[in-house]
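Okay, so here's the structure we're looking at.
The values are calculated or read from the model by the stated rules, or taken from the named source; none is laboratory data. Treat the numbers as computed from the prediction; the structure is a model and nothing was measured. In this analysis, Cβ positions are derived from the backbone assuming ideal geometry, glycine residues included, and neighbour counts consider all displayed protein chains.
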Amino acid sequence: MQNELINQGLTLMLAGMGTVFVFLTALVIAMTLMSRLVGRFQPAKDAANVGDDEIVAITAAITEHRRQ
C-alpha cells in the first residue's frame, strides 16, 4: 500500500514537472519567434536620427535631475 502511494506520487510529480517543462520550452520558442518577427518588420530606431532639440531637452532633464 505504501509503495503504491509513493509510486503514484512520483508519477504525478513527474507528470507535473514534465508539463511545466514543455510549457516553458514552448514559451521560450514562441517569444524568440515573436522577437525575430517584430525585428524584421519594425527594425530598431537608429540613434543617429536624434535631433538637436531632443539632445538639448535630454541634457536639461539630466542636469535638473542631478541638482535635486
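Observations on the structure shown:
This table checks each residue for (1) part of a loop (DSSP other than H, G, I, E, B); (2) surrounded by 10 or more Cβ atoms within 10 Å (Cβ to Cβ); (3) modelled with pLDDT of 95 or more.
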{"position": "Thr19", "(1), (2), (3)": "no, yes, yes"}
{"position": "Ile29", "(1), (2), (3)": "no, yes, yes"}
{"position": "Leu37", "(1), (2), (3)": "no, yes, no"}
{"position": "Ala44", "(1), (2), (3)": "yes, no, no"}
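- Output for region 46-68, where each listed residue is over 29 Å from the mean Cα position of the chain (by Cα) and surrounded by fewer than 10 Cβ atoms within 10 Å (Cβ to Cβ): Gly51, Asp52, Asp53, Thr63, Glu64, His65, Arg66, Arg67, Gln68
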